Each structure stands twice: as structure tokens, then as C-alpha cells.
Amino acid sequence: MNRIVNEQEWQSALDAFRIKEKEHTRLRDALNAERRRLPMTEISKTYSFTGPEGKVSLLDLFEGRKQLIVYHFMFAESPCTGCSMMVDNMGHIAHIHARDTSLALVSLAPYPKLAAFKERMGWQFPWYSSEGSDFNRDFGATRENGEMFGVGVFIRDNDTIYRSYHTSLRGAEYLGSNFSYLDLTPMGRQELWEDSPEEVPQTPPYQWWRKHDEY
């Protein structure tokens, strides 16, 4: 059990620890700024997915928005418990959309399996099957014994798509809030305090926030 101290000692210890927390926050901000400036690579290969409307392309997954976040959900045979927990912790997608960004789940399982599990879990996120496609293999979502989880980030210039970022394992572990997902993208949260490339549109913090049914 941790030491038991009086209130003054507790406050003193907390204040000292908070200095380290602030340093960590500034380091994370700097890391996010560097991520927003990572080079990108153009995707020239064509990929096909199956969704509720049938066959769609990678460009369709953007739903007309500038950026796309893909969560590679492990579901080759059965739904992954860890991936299910990750999706349970995702915030409401309306807040992601408000920053000109789409988020979609992609799995190797046939689409009917995904649709049935999505209904069971009560999720609203778009979910697509990459069955028969090289998408998982080409974007770091496979391993020797099958599928692998991870998060990929894409950005488009009209119909030209670029890959900007990918993470997996403990790189995906801390994700949970809409902010942490937006932090992975080239445009970030698009708030004035962020150190972002000149071309990124930015607005004052807090002011773009809405209740999810008021955007």
C-alpha cells in the first residue's frame, strides 16, 4: 500500500508530479506536430471492399471527407475481444466528422459476419470487409498466423489518396478519445494552438465542439 500522509504532504507530492505530467504533455504535443509533417506516399493500387451497399473503393471510405482513419479489426475467424474493447472506447463519430475526417473499421471476415456482430454490439461506425483484397497485407494488418490489428491514416487530394501514418500494438493501445485519433492525422485537431503545416485550416479550440446531434 502507498504511504499515507497528511494533506499538505499529499499536495506537495502531487504538485511535484504534475510538473512531470506537463513535460509529458509538451513532449506529446511536439511528437504530434512532427507526425503531422511526416512524408506521405501515394496509393496507386486499387482496393475493393464490401459494405452495406455492396462493393466500394478506398476512395468511397472517405465519404467525401479529406482524411480517413482505418481501424484494422481482427475478425478473420471470430471477433477479437481486444479490438471490440477498442471500438467500445471510440467516441461518437460525429466529432471526427466535424474535422473533415472519416473513420471506418476494416476486417477480413465476410461482410455478413461483420454486420451481424455490429448489430449485436450496437456500433454505428462504418465497417467493411476486405475479403479477397490485398489491403490488409499491403497496409501492415497481417501476421504469420493471420490478421493483425492496427490503425492506418490516409489523406486525399481530390481522387488521389496518400498514406500518411500507421501504428499497431502499444501504439494503438492508448487510443480512445476522438482527440487521440485526430492527433494521428496530418491535419490534427485543426485548432489554433497546434503547431501544424501552414496549409492546415485551424479554428479556435472549444468553439467547434458541439453535442453530437447538433453538428
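Results, tabulated for the structure shown:
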quantity: The range 1-49 - residue that is of a type in the set (Phe, Trp, Tyr) and part of a helix (DSSP H, G or I) and, of those, surrounded by the fewest Cβ atoms within 10 Å (Cβ to Cβ); calculated: PHE17
quantity: SER164 vs. criteria over 19 Å from MET85 (Cβ atoms), of a type in the set (Gly, Ala, Ser) and not in a loop (DSSP other than H, G, I, E, B); calculated: yes
quantity: Residue count, the range 137-162 (criterion: crowded, with 20+ Cβ neighbours inside 10 Å and under 17 Å from ASP60 (Cα atoms)); calculated: 5
quantity: Residue identified as surrounded by fewer than 19 Cβ atoms within 10 Å (Cβ to Cβ) and either assigned by TED's automatic domain parsing to the domain that holds GLY51 or in contact with a Pro (Cβ under 8 Å, 6 or more places away or on another chain) (or both) among THR167, THR101; calculated: THR167
quantity: Some residue of the range 12-22 being out of contact with any Cys (no Cβ under 6 Å at 6 or more places or on another chain) and either assigned by TED's automatic domain parsing to the domain that holds THR142 or of a type in the set (Ser, Thr, Tyr) (or both); calculated: yes
quantity: Residue satisfying all of: in the range 170-187; among the charged types (D, E, K, R) and surrounded by fewer than 16 Cβ atoms within 10 Å (Cβ to Cβ); modelled with the lowest pLDDT among these; calculated: GLU173
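The values are calculated or read from the model by the stated rules, or taken from the named source; none is laboratory data. Keep in mind the model is a prediction, meaning the values are calculated, not measured. With ideal geometry, Cβ positions are generated from the backbone for all residues, glycine too; neighbour counts draw on all protein chains shown.
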